[in-house]
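*Asks:* Please read through the structure below; I'll follow up with questions.
The values are calculated or read from the model by the stated rules, or taken from the named source; none is laboratory data. Note that the structure is predicted; figures quoted are calculated from it, not measured. Every residue, glycine among them, receives a Cβ derived from its backbone with ideal geometry; neighbour counts consider all protein chains shown. For accessibility, only protein heavy atoms count, side chains too; no ligands or nucleic acids. Shrake-Rupley method; radii C 1.70, N 1.55, O 1.52, S 1.80 Å.
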Amino acid sequence: MKMLMVLGFFVLLRQDRTADASLEFDELGCKNYNNPSPMLSLKRHLFCEYDRTVRPVSSHKDVNNVTIKLIPKILEFDEWNSKMILHSWMTLIWTDAHLTWSPSDFDGINYIHIKSDDIWLPDLSVYNSGDMTVDQNGIPSTTCLVFSSGSVSCVPSLKHVAKCATDYSAWPYDAHQCRINFGSWSHAGEEVDFHLDQKGFQMAGYTNNTAWDFKVINAYKVLKKYKCCPNDTYPMIVYEFSITRHYGIMHTTYITPAVAVMLLTLTVLWLDSRSTERLAMASINLICHMLCIFDLHWQLPHNGTNTPRILLYYRDSLALAVFVLILTAVLRRMQEMNVQVPYWISSTTAFVLSNRAGRFLILTDEDTDRILAGEGEDNSDLPKASARSKESSWRHFAAIIEWLSFFVVFLIYIGILSTVVHFT
């Protein structure tokens with residue numbers, strides 16, 4: 001019984017001391033308590049009644065000016081879906097009127113590190129998000145630096161997904177334009193206003209992409225007004241980017257074969273149409289064109305509005321390859337004809353052979369030997385000479401067509417190849 005009375009006495013004594021401590025805490029306020037460290041006292045002083053959902057201004061008419069700077073770090077570009085994924089840091093600086101103190105009252109502490117989840121943050125959002133499944137509203141959790149003047153500096157790590165205006169007409173020398181629009185999601189410019197820090201971006205820490213060259217073209221501020229709120233402005237920070245392909249590997253893989261098929265087609269035209277080699281090379285040339293086009297079909301993105309010029313080049317080159325194959329068959333058949341040569345063909349052939357350049361291109365060693373041998377023939381061989389004359393006329397006319405086709409196809413190739421190859 002006595003033991004119970006003693007325990008009850010100690011319990012009552014403890015409750016009295018706790019009540020006295022609570023009374024002392026209430027009288028002094030939540031910013032003061034027994035023997036706090038300067039840092040702990042400062043945090044209690046700042047956050048005892050701090051509300052992170054309220055704009056930190058002295059008057060509701062004051063504006064929170066937020067200065068931003070984008071620091072790109074890593075780029076990912078999804079060319080098949082026309083999306084740019086940019087990993088970056090962003091510096092945000094503003095003044096929080098509720099987070100000010102006198103350093104002399106707290107052992108000279110001039111700044112403190114605070115978690116961003118504990119303070120008010122500007123609701124910076126991406127207006128033109130390229131992926132609606134990714135939340136790009138607000139600032140992710142980070143550690144911010146708060147100075148005694150109320151200046152707050154945060155450098156969060158951000159991931160932005162933006163839709164790009166892609167154009168593959170110059171593939172593999174293609175360049176694409178992308179844009180990210182930043183602004184407040186719930187505040188007008190009269191409440192939260194965004195500004196650029198000098199030029200608004202810094203590329204010093206960017207890690208270059210092996211497939212794409214990334215550049216910030218411009219950064220600027222746009223003020224917009226809407227019919228719903230004619231007295232309010234809505235500022236938007238716009239970043240414009242350029243993404244250019246590193247075409248070294250593509251140049252070797254696709255431009256070099258483009259030149260090769262051109263030379264192959266011209267080689268077919270250079271060969272004698274009567275030879276079996278020409279017919280075989282013309283067939284191989286056609287197969288090579290088909291294989292190149294099939295490969296390009298799987299390599300080129302299919303989401304562009306303009307057809308890549310390299311695909312148009314292979315299309316036109318394929319048409320020329322078909323023309324050369326058909327021309328080879330026609331010329332082979334022509335030179336086997338044993339009918340009288342029309343007058344316009346014989347006159348054309350005679351005109352070409354009347355000058356030295358024409359004889360150099362048209363006449364072969366066999367023709368020269370035959371002409372020399374024909375000078376010694378007598379009248380008894382006139383039927384044979386006439387037959388040989390018909391054969392030679394058709395062969396000479398075929399040779400004229402071959403060389404004419406060669407030069408025309410060569411000029412066509414120069415024209416279409418100049419639209420594909422990047423000379424700079």
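*Asks:* If I85 meets every condition in (1) in contact with an Asp or Glu (Cβ under 8 Å, 6 or more places away or on another chain); (2) open to solvent by less than 10 Å² (accessible area, probe 1.4 Å) apart from one, which number is that one?
*Replies:* The single condition I85 does not satisfy is (2).
*Asks:* Among the residues of region 156-176, is any modelled with pLDDT of 90 or more and part of a loop (DSSP other than H, G, I, E, B)?
*Replies:* yes
*Asks:* Moving on to the next point. Within the group S141, S153, S169, which residue is closer than 14 Å to T67 by Cβ and either under 17 Å from the mean Cα position of the chain (by Cα) or among the polar types (S, T, N, Q) (or both)?
*Replies:* S153
*Asks:* Contact list please: Cβ distance under 8 Å, first residue in region 321-338 and at pLDDT below 85, second residue surrounded by fewer than 19 Cβ atoms within 10 Å (Cβ to Cβ) and part of a helix (DSSP H, G or I), pairs at least six apart or on different chains.
*Replies:* L331/I401; R332/L279; Q335/E391; N338/A387; N338/K390; N338/E391
*Asks:* Now a separate question. Select from region 180-206 the residues that are under 13 Å from K69 (Cβ atoms) and either among the hydroxyl-bearing types (S, T, Y) or in contact with a Leu (Cβ under 7 Å, 6 or more places away or on another chain) (or both) and list them in ascending order.
*Replies:* F182, G200, F201
*Asks:* Something else: Among the residues of region 78-114, what is the count of those that are in contact (Cβ under 8 Å) with a residue 24 or more places away in the chain and closer than 30 Å to A165 by Cβ?
*Replies:* Count: 14.
*Asks:* Among D62, D117, D107, D123, which is the only one that is over 30 Å from H246 (Cα atoms), of a type in the set (D, E, K, R) and open to solvent by less than 60 Å² (accessible area, probe 1.4 Å)? I'd like the intermediate steps shown before the answer.
*Replies:* Values: D62 fails: open to solvent by less than 60 Å² (accessible area, probe 1.4 Å); D117 fails: open to solvent by less than 60 Å² (accessible area, probe 1.4 Å); D107 fails: open to solvent by less than 60 Å² (accessible area, probe 1.4 Å).
Being over 30 Å from H246 (Cα atoms), of a type in the set (D, E, K, R) and open to solvent by less than 60 Å² (accessible area, probe 1.4 Å) holds for just one of D62, D117, D107, D123, which is D123.
*Asks:* Right, next: Quickly run through region 278-322 and pick out the residues that are assigned to a helix (DSSP H, G or I) and more than 18 Å from M262 (Cα to Cα).
*Replies:* Taking region 278-322 first, the residues assigned to a helix (DSSP H, G or I) are 278-299, 309-322.
If the condition is that a residue be assigned to a helix (DSSP H, G or I) and more than 18 Å from M262 (Cα to Cα), then H297, W298, Q299 are the ones that fit.
*Asks:* Moving to a separate point now. As an exercise: evaluate I85 against (1) out of contact with any Gly (no Cβ under 7 Å at 6 or more places or on another chain); (2) within 22 Å of A188 (Cα to Cα) and give the number of the one condition it does not meet.
*Replies:* (2)
*Asks:* Out of L271, L266, I need the residue that is within 19 Å of Y413 (Cα to Cα), at pLDDT below 90 and in contact with a helix residue (DSSP H, G or I) (Cβ under 8 Å, 6 or more places away or on another chain). Which one?
*Replies:* L271
*Asks:* Give the residues of region 232-249 that are more than 15 Å from the chain's Cα centre (by Cα) and either assigned to a helix (DSSP H, G or I) or without any contact (Cβ under 8 Å) to a residue 40 or more places away in the chain (or both), sorted by residue number.
*Replies:* Those that are more than 15 Å from the chain's Cα centre (by Cα) and either assigned to a helix (DSSP H, G or I) or without any contact (Cβ under 8 Å) to a residue 40 or more places away in the chain (or both): G248, I249.
*Asks:* Kindly indicate the residue of region 187-196 that is over 26 Å from the mean Cα position of the chain (by Cα) and assigned to a strand (DSSP E or B) and also surrounded by the fewest Cβ atoms within 10 Å (Cβ to Cβ) among those meeting that condition.
*Replies:* Narrowing region 187-196 to residues over 26 Å from the mean Cα position of the chain (by Cα): 187-195.
Right, trim to assigned to a strand (DSSP E or B) and you get 192-195.
Details: V192: 21, D193: 21, F194: 21, H195: 14.
If we take residues in region 187-196 being over 26 Å from the mean Cα position of the chain (by Cα) and assigned to a strand (DSSP E or B), then H195 is surrounded by the fewest Cβ atoms within 10 Å (Cβ to Cβ).
*Asks:* Of the conditions (1) modelled with pLDDT of 65 or more; (2) surrounded by fewer than 13 Cβ atoms within 10 Å (Cβ to Cβ), W344 satisfies every one except a single condition; which number is it?
*Replies:* (1)
*Asks:* Turning to a different aspect of this structure: Could you check how many residues of region 165-186 are under 28 Å from I139 (Cβ atoms), of a type in the set (S, T, Y) and open to solvent by less than 30 Å² (accessible area, probe 1.4 Å)?
*Replies:* Qualifying residue count, region 165-186: 1.
*Asks:* I've got another one for you. Within the bounds of region 281-294, is there any residue that is in contact with a His (Cβ under 8 Å, 6 or more places away or on another chain) and open to solvent by less than 60 Å² (accessible area, probe 1.4 Å)?
*Replies:* No.
*Asks:* On the given criteria, is T244 surrounded by fewer than 15 Cβ atoms within 10 Å (Cβ to Cβ), at negative phi and touching a strand residue (DSSP E or B) at 6+ places or on another chain (Cβ under 6 Å)?
*Replies:* yes
*Asks:* Let me ask something else. Of (1) under 25 Å from K69 (Cα atoms); (2) at pLDDT below 90; (3) in contact with a Ser or Thr (Cβ under 9 Å, 6 or more places away or on another chain), N209 satisfies all except one. Which?
*Replies:* (3)
*Asks:* Take Y220 and decide whether it is of a type in the set (S, T, Y), open to solvent by 50 Å² or more (accessible area, probe 1.4 Å) and outside any helix (DSSP H, G or I). If you could, list the steps in order and put the result at the bottom.
*Replies:* On the way: of a type in the set (S, T, Y): yes; open to solvent by 50 Å² or more (accessible area, probe 1.4 Å): yes; outside any helix (DSSP H, G or I): yes.
Yes, satisfied.
*Asks:* Take region 75-121 and flag every residue that is under 27 Å from Y206 (Cβ atoms), at pLDDT 90 or above and assigned to a loop (DSSP other than H, G, I, E, B).
*Replies:* Hit for region 75-121 is L121, nothing else.
*Asks:* Still on this structure, I have one more. Tell me the residue from G205, G150, G200 that is open to solvent by less than 40 Å² (accessible area, probe 1.4 Å), on the phi < 0 side of the Ramachandran plot and in contact (Cβ under 8 Å) with a residue 24 or more places away in the chain, please.
*Replies:* G205
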